[in-house]
Amino acid sequence: MALRAKRHLGVVRFSAFGDVVLLHSVLAQALEPGDRISLFTRPQWAQRLPEHPQIVVHGLDVDRPPYRRFFALLWFWWGWMRSADLTAWYDAHSHLRSRSSRWVAWVLRIAQASVAKPRAARKALLRGSEQPVPNAYDLHCEALAKIGWDRVQPLQPQSRSGRIIILAPFTSSATKQWPIEEALRLADQLALEGWEPVFVGGPKDHISTSFRCGMGLSPLEESALWAEARAAVVCDSAAQHLAYRFQVPSVVLWAGTHPLGGFAAPSPMLHWHLPERLPCQPCSIFGTDSCHRGDWACRQALTADSVREALGQLGI
């Protein structure tokens with residue numbers, strides 16, 4: 001018989017992989033000895049998340065039957081929560097598909113919280129406001145603190161002396177992506193200096209290069225690669241949040257989106273973008289696939305030389 005956890009937190013987040021990795025980092029810092037967290041997310045993300053001995057990840061496919069149907073999902077939450085011996089429940093998505101879980105938690109008298117959605121601040125930023133949108137990491141921490149799951153053990157930086165520099169130019173949308181040709185130029189330059197560039201991305205990403213590539217690695221393989229890396233160059237993507245999760249000093253490249261949008265990972269990340277915002281920047285909080293100007297001005301400053309200069313600020 002499994003030992004009963006001192007505290008058991010249930011969490012749900014159906015969203016992009018980067019959002020789930022971000023949440024995973026916050027949850028890892030809220031755990032005390034003897035605690036357990038059950039995290040529900042999409043099956044494809046459950047297979048890719050870093051492993052943690054106190055976080056059990058469940059893949060729940062809400063895009064296909066039976067759980068695509070509202071009442072089937074509601075019935076699932078009812079059955080699972082009744083048997084899970086939960087201390088608290090956290091809706092980290094605050095979407096129709098996750099709100100049903102909050103109703104069940106309320107009926108069962110389980111302490112609960114939900115993440116705030118700063119929609120007004122996001123709209124203001126897109127209209128030109130200079131006021132930062134509340135950071136997603138902080139929003140999760142604040143919500144969890146309300147149900148007694150405070151940040152108790154910050155992620156610990158590790159000593160890094162290897163030669164691997166991770167390059168992650170891929171993103172889910174074109175306005176966030178770093179031009180592949182510039183990434184390859186930087187890889188050539190780093191290799192000449194004695195570093196080992198390694199390209200990483202998701203299972204569907206591809207690049208034609210002689211450099212080492214880590215596309216579609218298993219969670220254990222990917223975790224080992226991040227743990228070995230000396231530094232990284234990433235975009236506003238899941239790679240940014242993986243770098244933070246493993247505390248890899250990284251240059252984060254921002255183009256169509258912006259750190260003011262609320263998804264900038266904390267230290268040891270160095271956020272690299274235009275010195276002054278363009279009138280159209282950010283064109284979106286989450287990224288789009290086209291530039292309405294047509295000239296991709298936000299990416300023109302993200303040259304291999306400028307990124308190499310930024311790496312120098314990290315001691316590389």
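In square nanometres, what is one fourth of the surface area of the convex hull spanned by the alpha carbons of region 37-109?
5.0
For Kirkwood radius over Cα pairs in Å, pick the label among (i) 20.0; (ii) 20.6; (iii) 19.2 that corresponds to the value derived from the coordinates.
Given (i) 20.0; (ii) 20.6; (iii) 19.2, the structure-derived one carries the label (ii).
Check each of the GluC sites (Glu not before Pro) in region 168-256 and keep only those in coil by DSSP with at most 15 other C-beta atoms within 10 angstrom; list them in order.
Those satisfying the criteria are GLU193.
Roll a 1.4 Å probe over the protein heavy atoms and report the accessible area of LYS6 in Å², nearest 10.
120
Can you tell me the FRET efficiency between LEU74 and GLN44 if r is taken as the Cβ-Cβ distance and R0 is 22 Å, rounded to the nearest 0.05?
It comes to 0.40.
Under a plain spin-label model, where a point goes 7 Å from the Cα along Cα-to-Cβ, how far apart in nm are LEU220 and LEU278?
The modelled label-to-label distance comes out at 4.5 nm.
For the chain, what does -39500 (n - 2.57) per DSSP helix run (n ≥ 4), summed and divided by total residues, give at 222 nm, in deg cm²/dmol to the nearest 500?
Dividing the helical sum by the residues of the chain leaves -9500 deg cm²/dmol.
Can you give me the angle between helix 17-28 and the longest principal axis of the chain, using Cα atoms only, in degrees from 0 to 90, rounded to the nearest 10?
60
Kindly express, to the nearest 10 degrees and within the range 0 to 90, the angle between helix 180-192's C-alpha long axis and the longest C-alpha principal axis of the chain.
Compared with the principal axis, the helix lies near 70 degrees.
Does region 206-299 classify as rounded, prolate or oblate by the C-alpha gyration tensor (a ≥ b ≥ c root eigenvalues; a/c under 1.5 gives rounded; else a/b over b/c gives prolate, otherwise oblate)?
Because a/c hits 1.5 or more and a/b exceeds b/c, region 206-299 counts as prolate.
In the structure shown, do any of LYS123/LYS204; LYS117/LYS204; LYS123/LYS146; LYS176/LYS204 have a Cα-Cα gap over 21 Å, and if so which?
LYS123/LYS204; LYS117/LYS204; LYS123/LYS146, as the Cα separations exceed 21 Å there.
Over the chain, with every protein chain in place, what whole percent of the accessible area is carbon and sulfur at 1.4 Å, could you tell me?
53
Rolling a 1.4 angstrom probe over the protein heavy atoms, how many square angstrom per residue are accessible across the chain?
Heavy-atom accessible area per residue stands at 47 Å².
Tally the DSSP beta bridges in the chain and give the antiparallel ones as a percent, rounded to 5.
DSSP beta bridges in the chain are roughly 5 percent antiparallel.
Against the longest alpha carbon principal axis of the chain, how many degrees, from 0 to 90 and to the nearest 10, is the axis of helix 219-228 turned?
Rounded to the nearest ten degrees, it is 50.
Considering only protein heavy atoms, what is the solvent-accessible area of ASP188 at a probe of 1.4 Å, reported in Å² to the nearest 10?
Using a 1.4 Å probe on the heavy atoms, I get roughly 80 Å².
In a shell of Cβ-Cβ distance under 10 Å around GLY261, excluding GLY261 itself, what net charge do Lys and Arg (+1) and Asp and Glu (-1) give?
The answer is 0.
The values are calculated or read from the model by the stated rules, or taken from the named source; none is laboratory data. Note that the structure is a prediction, hence the values are computed from the model and not measured. Quick reminder, even Gly has a Cβ in these numbers, built from the backbone with ideal geometry, and neighbours come from all protein chains shown. Please note that ligands, DNA and RNA were not included when accessible areas were found on the heavy atoms of the full protein model with its side chains. Shrake-Rupley method; radii C 1.70, N 1.55, O 1.52, S 1.80 Å.
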